Amino acid sequence: MIEKPKEEIIKYLKDFEKELIPLWESAKIPYPVHLCGGNEEQLIEIFKNIKPEDYIFSNHRAHYHYLLAGGDKEDLRNIVMTGYSMRMFDKKINFISSAIVSGAVAIAVGTALAIKRKGSNKHVWCFVGDGAEDTGHFYEAVRYVDGHDLPCTFVIEDNNYSVETPKSARNGSSDINWPKCVIKYKYERTYPHVGTDAWVDFSGLMAGGSSF
Amino acid sequence: MKYQEAIKKSMEMIAEDEKSVFIGYNISYGSKAYGTLKDIPDSKKIETPVTENLMMGLAMGMSLEGFRPIVFFERHDFMLIALDAIVNHLDKFEVMSNGQYKLPVIIRATVGSKKPLDPGPQHTQDHSEILKNIVKYIKVYEPKTPKEILEIYEKIRNTDSPVIIIERRDLYNIEEN
């Protein structure tokens, strides 16, 4: 967690994303980028509980998690500009992510199980959207953590959208009461699923393509 | 030594490593991995629910903290549920993280048998060719004899990278001196 007054941290987070916008809108970033926004205060509160040695499991929208976990701003800019925004890893701060919906949750459980077996006092924090909350993989991971009392907290970041589909269309009025290893906060998103609201012409651009 | 005995012996060799851990269902209970894990102490085994994606997540997550997990799938049919974990995560983490994270996970992928009882098309599929082609970085081995079983496990017991070992129930009773 960055040791600064809350207002300064909020500005630091927002400024990072704002600096990416002209690059995105002028087609300088030939990769999908999922911008954060609207959840600064909630995340700052959550990260007050996260210790430097803890594990962070994130997702496709990972920039704020990375910065709040103590990740370097210039490293993050390099990560985004080289196409790694959706697959961010930094062993220095125990940071892992997956761009598959609910892809990281089971891995987070395994790390928490290992931590408990070793008697370590690290904690695992796994951030998911409300789209991941829909999945069976999330259900089986939460149930295992709850039943075996593992040092893992799932944080549902509920912006009401799975890509661009609202909850009402996905599961109607259903709402689940999760056990105590799950915390949830709601927020109004600042940006759409990918990029910004601007129309960007990527047609003249030849992305290098990854070797994967 | 029979093929099944070679697997059992290999599992007991792997169990000597204090970092090794066995993950799956029907490993402490039921068939105990078709008898191959019956003499492994329960403290080395994590009996899971029938949640194949979670089983793989447990293995990958534990390997991040220095454990050396070996996951048992009793049939290829059931392993299909775990393909997201295997293909999108286990196979790609080392490369996606530029070598920061290595996942030394061993997967036992067993092909079911039609003998003596034929459990039908959802319990006896052989997806070996698909498994070999769907992963890009994981090494896939197909030991056909007891000798090959022993050689492969000796070779991969200290692996830094993930490995899939395909075993066939139809071979369990073949014998070799």
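The set of residues from segment B:43-67 being at the interface with chain A (Cβ under 7 Å from one of its Cβ atoms) and among the polar types (S, T, N, Q) comprises B:Thr51, B:Asn53. Please determine whether any residue of segment B:93-100 is within 14 Å of chain A (Cβ to nearest Cβ), open to solvent by less than 10 Å² (accessible area, probe 1.4 Å) and of a type in the set (Ser, Thr, Tyr). Scanning segment B:93-100 turns up at least one residue that is within 14 Å of chain A (Cβ to nearest Cβ), open to solvent by less than 10 Å² (accessible area, probe 1.4 Å) and of a type in the set (Ser, Thr, Tyr). Applying the condition of being more than 7 Å from chain B (Cβ to nearest Cβ) and over 21 Å from the mean Cα position of the chain (by Cα) to segment A:103-121 and asking which residue is least open to solvent (accessible area, probe 1.4 Å) yields A:Ser120. The set of residues from segment A:35-69 being over 17 Å from A:Glu7 (Cα atoms) and surrounded by fewer than 18 Cβ atoms within 10 Å (Cβ to Cβ) comprises A:Asn49, A:Lys51, A:Pro52, A:Glu53. Within segment B:127-140, restricting attention to residues that are assigned to a loop (DSSP other than H, G, I, E, B) and surrounded by 15 or more Cβ atoms within 10 Å (Cβ to Cβ), the residue that is nearest to the other protein chains (Cβ to nearest Cβ) is B:Val135. Counting only residues that are farther than 24 Å from A:Ala99 by Cβ, open to solvent by 60 Å² or more (accessible area, probe 1.4 Å) and touching an Asp or Glu at 6+ places or on another chain (Cβ under 8 Å), segment A:6-34 holds 1 of them. Mind checking whether some residue in segment B:64-74 is under 25 Å from A:Lys118 (Cβ atoms) and of a type in the set (Asp, Glu)? Yes; the residues of segment B:64-74 include at least one that is under 25 Å from A:Lys118 (Cβ atoms) and of a type in the set (Asp, Glu).
Every condition in (1) within 10 Å of chain A (Cβ to nearest Cβ); (2) not in a helix (DSSP H, G or I) is met by B:His123 except one, and the failing one is (1).
Mind telling me which of the residues A:Phe138, A:Phe127, A:Phe154, A:Phe212 ends up being under 30 Å from B:Pro69 (Cα atoms), among the aromatic types (Phe, Trp, Tyr) and modelled with pLDDT under 95?
Values: A:Phe138 fails: modelled with pLDDT under 95; A:Phe127 fails: modelled with pLDDT under 95; A:Phe154 fails: modelled with pLDDT under 95.
The unique qualifying residue is A:Phe212.
Among the residues of segment B:101-120, those that are open to solvent by less than 40 Å² (accessible area, probe 1.4 Å), in contact (Cβ under 8 Å) with a residue 12 or more places away in the chain and either away from chain A (no Cβ under 14 Å) or under 17 Å from B:Ile156 (Cα atoms) (or both) comprise B:Leu103, B:Pro104, B:Val105, B:Ile106, B:Ile107, B:Arg108, B:Ala109, B:Thr110, B:Val111, B:Gly112, B:Ser113.
Looking at segment A:141-159, can you tell me whether even one residue there is within 26 Å of A:Ala69 (Cα to Cα), in a helix (DSSP H, G or I), touching a residue at least 24 places away in the same chain (Cβ under 8 Å) and β-branched (Val, Ile, Thr)? Checking segment A:141-159: at least one residue is within 26 Å of A:Ala69 (Cα to Cα), in a helix (DSSP H, G or I), touching a residue at least 24 places away in the same chain (Cβ under 8 Å) and β-branched (Val, Ile, Thr). Scanning segment B:141-152 for residues that are surrounded by 15 or more Cβ atoms within 10 Å (Cβ to Cβ) and part of a helix (DSSP H, G or I) yields B:Pro146, B:Glu148, B:Ile149, B:Leu150, B:Glu151, B:Ile152. Might you check whether a residue that is in a loop (DSSP other than H, G, I, E, B) and within 14 Å of chain A (Cβ to nearest Cβ) occurs anywhere in segment B:68-87? Checking segment B:68-87: not a single residue is in a loop (DSSP other than H, G, I, E, B) and within 14 Å of chain A (Cβ to nearest Cβ). Applying a threshold of 8 Å to beta carbon distances and a minimum spacing of six or more residues, or different chains, the list of pairs starting in segment B:151-162 at a residue that is hydroxyl-bearing (Ser, Thr, Tyr) and ending at one that is in a helix (DSSP H, G or I) reads B:Tyr153/B:Ser10; B:Tyr153/B:Met13; B:Tyr153/B:Ile14; B:Ser161/B:Glu94.
Restricting A:Val128, A:Val80 to residues that are of a type in the set (Val, Ile, Thr), assigned to a helix (DSSP H, G or I) and in contact (Cβ under 8 Å) with a residue 60 or more places away in the chain narrows the list to A:Val80. Checked against (1) over 15 Å from the mean Cα position of the chain (by Cα); (2) over 24 Å from B:Ser113 (Cα atoms); (3) among the small types (Gly, Ala, Ser), B:Ser31 meets all criteria but (2).
The values are calculated or read from the model by the stated rules, or taken from the named source; none is laboratory data. Note that the structure is predicted; figures quoted are calculated from it, not measured. Cβ atoms come from the backbone with ideal geometry, glycine included; neighbour counts cover every protein chain shown. When the accessible area is computed, the model is the full protein with side chains, heavy atoms only, and any ligands, DNA or RNA have been set aside. Shrake-Rupley method; radii C 1.70, N 1.55, O 1.52, S 1.80 Å.
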